[in-house]
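The values are calculated or read from the model by the stated rules, or taken from the named source; none is laboratory data. This structure is a prediction, so every number in the text was calculated from the model and none was measured. FYI the Cβ positions are ideal-geometry reconstructions off the backbone, even for glycines, and counts take in every protein chain you see. These area figures cover heavy atoms from the full protein model, side chains too; ligands, DNA and RNA do not enter into them. Shrake-Rupley method; radii C 1.70, N 1.55, O 1.52, S 1.80 Å.
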Amino acid sequence: MLANRKAAREEEIAAHGRPVSGRKMLHKSRKVYDRKRLKKIEIE
């Protein structure tokens, strides 16, 4: 099983030229501390 996963990963890297990450963060929670967003709210 482990060898199969390693082989699949090697094929993926060969196909794309680099490791492909699983998921990008699509939705950022508003509960997460975000200084940039807080400053934007202060300015408005």
ask   = For the range 2-12, does any single residue satisfy the condition of being surrounded by fewer than 10 Cβ atoms within 10 Å (Cβ to Cβ) and assigned to a loop (DSSP other than H, G, I, E, B)?
value = no
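Scanning for something open to solvent by less than 100 Å² (accessible area, probe 1.4 Å) and among the polar types (S, T, N, Q), does the range 28-44 turn up at least one residue?
Of all residues in the range 28-44, those open to solvent by less than 100 Å² (accessible area, probe 1.4 Å) come to 29, 32, 34, 37-38, 41.
Now restrict to residues that are among the polar types (S, T, N, Q): 29.
Checked the range 28-44: at least one residue is open to solvent by less than 100 Å² (accessible area, probe 1.4 Å) and among the polar types (S, T, N, Q).
Within the range 18-44, how many residues are at pLDDT below 80 and either on the phi > 0 side of the Ramachandran plot or polar (S, T, N, Q) (or both)?
1
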